[in-house]
Amino acid sequence: MSTTDIELPRMDQPQDSEFVQFWNEVLAPKFTRFRHVLVGGLSYHSEAVFPRLPVRAGDRALDVGCGWGDTAMKLGRLVGHEGEVVGIDCCDAFLEGARADLAQIELKNVRFMRGDAEIALPEGQFDFAFARFGTMFFANPVAGLRNMRKALRPGGRMVHIVWRDPADNPWLSMAKDIVLRFLPPPGEDARSCGPGPFSMADEPTVRKMMEIAGYSDIEFERVDAPVRVGDDVQDAINFQLAIGPAGEVFREAGELAEAKRGEIEAALAEAIDRQARDADGIVMDSSSWVISARNPS
Ligand SMILES: C[S@@+](CC[C@H](N)C(=O)[O-])C[C@H]1O[C@@H](n2cnc3c(N)ncnc32)[C@H](O)[C@@H]1O
């Protein structure tokens, strides 16, 4: 089998959705600045499940919302040279990073393409579909999840990892609570990356979405893990004010946020300084669902 066997539909859209534009224009530079924080932190959650993913040598695997491609490359090693992996993301800058990293290593069975998973994915071609913290951003989650199912062959398996409740994810919620002491919540018309990191936190709701999207054998497993929030206190403050729920409040408040930056940073510094540290920097608790399912038809 070679990578040329796989058929990919033309997925260019006449125009990117507002969310895809937001990823490309606003979030990409911020995520790139904090790549050192994000990839390591997110990996804690995928490392917990990678050793037992339902993936075999020779499989074709799809990584949706693959970002900088580290999980796609990991899948590439699992499926071996007889298998292949396609990583799909809607953000050009992340894909550029993924392709640059791929060029540095000996993996010929992985490739990356641009696409919006809510619009279209290659159909019926994969044994396994995966997404690490990518599906929560689907504005129409059932459409995106259904496209992932339709990408699978009959009997194919999928695993996606999403954040659980804000209360169990202080690494994201603590800073938001602090910033909201100084600034108003974002308005209804705020630009955003989609529904946001906690949109798939509620098990019954997501189970229903998965059922409507056509999956069977749906299982939820809770994974708790520490995540890195910064090399030091200032790095963590910068991270929180750039990305995630606190970053959204800060960004949307515009000039008011800048006027109150000193007070906000001081309050964040006090709270972040109380957190645990490991060799990589400051760590806080986080909690995810690892959701697995099967395409029955
Ligand atoms: C939090 S990042 C996770 C990236 C990567 N999976 C990781 O764990 O490092 C979410 C990713 O989903 C991508 N994304 C969001 N909505 C998407 C969509 N509709 N189609 C494809 N990718 C999407 C973003 O561009 C971003 O790379």
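The values are calculated or read from the model by the stated rules, or taken from the named source; none is laboratory data. The shown structure was predicted, so the numbers you read here are calculated from the model rather than taken from an experiment. Using ideal geometry, Cβ is built from the backbone for each residue, glycine included, and neighbour counts are taken over all protein chains shown.
Counting only residues that are among the charged types (D, E, K, R), surrounded by fewer than 21 Cβ atoms within 10 Å (Cβ to Cβ) and more than 18 Å from the chain's Cα centre (by Cα), the stretch 75-98 holds 2 of them.
Going through the stretch 145-171 one residue at a time, which ones are under 28 Å from Arg228 (Cβ atoms), more than 17 Å from the chain's Cα centre (by Cα) and not hydrophobic (A, V, I, L, M, F, W, C)? Passing the criteria: Asp168, Pro170.
Regarding the stretch 205-212, can at least one residue be identified that is part of a helix (DSSP H, G or I), modelled with pLDDT of 90 or more, of a type in the set (Ser, Thr, Tyr) and surrounded by fewer than 18 Cβ atoms within 10 Å (Cβ to Cβ)? Let's see the steps before the verdict.
Taking the stretch 205-212 as the starting set, the residues that turn out to be part of a helix (DSSP H, G or I) are 205-212.
Filter once more, so that each one left must be modelled with pLDDT of 90 or more: 205-212.
Filter once more, so that each one left must be of a type in the set (Ser, Thr, Tyr): 205.
This time we only want the ones that are surrounded by fewer than 18 Cβ atoms within 10 Å (Cβ to Cβ), so: 205.
Yes, the conditions are met somewhere in the stretch 205-212.
Quick one: which residue in Pro185, Pro195 is part of a loop (DSSP other than H, G, I, E, B) and more than 15 Å from the ligand (Cβ to nearest atom)?
Numbers: Pro195 fails: more than 15 Å from the ligand (Cβ to nearest atom).
After ruling out the rest, the residue left standing is Pro185.
Total residues in the stretch 86-118 satisfying the condition of being closer than 17 Å to Ser46 by Cα and β-branched (Val, Ile, Thr): the figure is 0. Scan the stretch 7-30 and give yes if some residue there is of a type in the set (D, E, K, R), out of contact with any strand residue (DSSP E or B) (no Cβ under 9 Å at 6 or more places or on another chain), within 24 Å of Ile291 (Cα to Cα) and free of Cβ contacts under 8 Å to residues at least 40 places away in the same chain, otherwise no. Looking through the stretch 7-30, none of the residues is of a type in the set (D, E, K, R), out of contact with any strand residue (DSSP E or B) (no Cβ under 9 Å at 6 or more places or on another chain), within 24 Å of Ile291 (Cα to Cα) and free of Cβ contacts under 8 Å to residues at least 40 places away in the same chain.
Here Val227, Val159 are screened, and the one residue that is touching a Ser or Thr at 6+ places or on another chain (Cβ under 6 Å), at pLDDT below 95 and not basic (Lys, Arg) is Val227. Within the option set Glu270, Glu252, Glu258, Glu263, being charged (D, E, K, R), in a helix (DSSP H, G or I) and either surrounded by 13 or more Cβ atoms within 10 Å (Cβ to Cβ) or in contact with a Gly (Cβ under 9 Å, 6 or more places away or on another chain) (or both) holds for one residue only, Glu252. Scanning the stretch 191-233 for residues that are without any contact (Cβ under 8 Å) to a residue 60 or more places away in the chain and basic (Lys, Arg) turns up Arg207, Lys208.
The set of residues in the stretch 128-156 being surrounded by fewer than 24 Cβ atoms within 10 Å (Cβ to Cβ) and of a type in the set (Phe, Trp, Tyr) consists of Phe133 alone.
Can you pull out every residue in the stretch 269-281 that is closer than 23 Å to Phe198 by Cβ and at pLDDT below 95? Ala276, the sole residue that qualifies.
Tell me whether the stretch 225-237 contains one or more residues that are within 30 Å of Val142 (Cβ to Cβ), surrounded by 14 or more Cβ atoms within 10 Å (Cβ to Cβ) and out of contact with any Cys (no Cβ under 6 Å at 6 or more places or on another chain). Yes, because at least one residue in the stretch 225-237 is within 30 Å of Val142 (Cβ to Cβ), surrounded by 14 or more Cβ atoms within 10 Å (Cβ to Cβ) and out of contact with any Cys (no Cβ under 6 Å at 6 or more places or on another chain).
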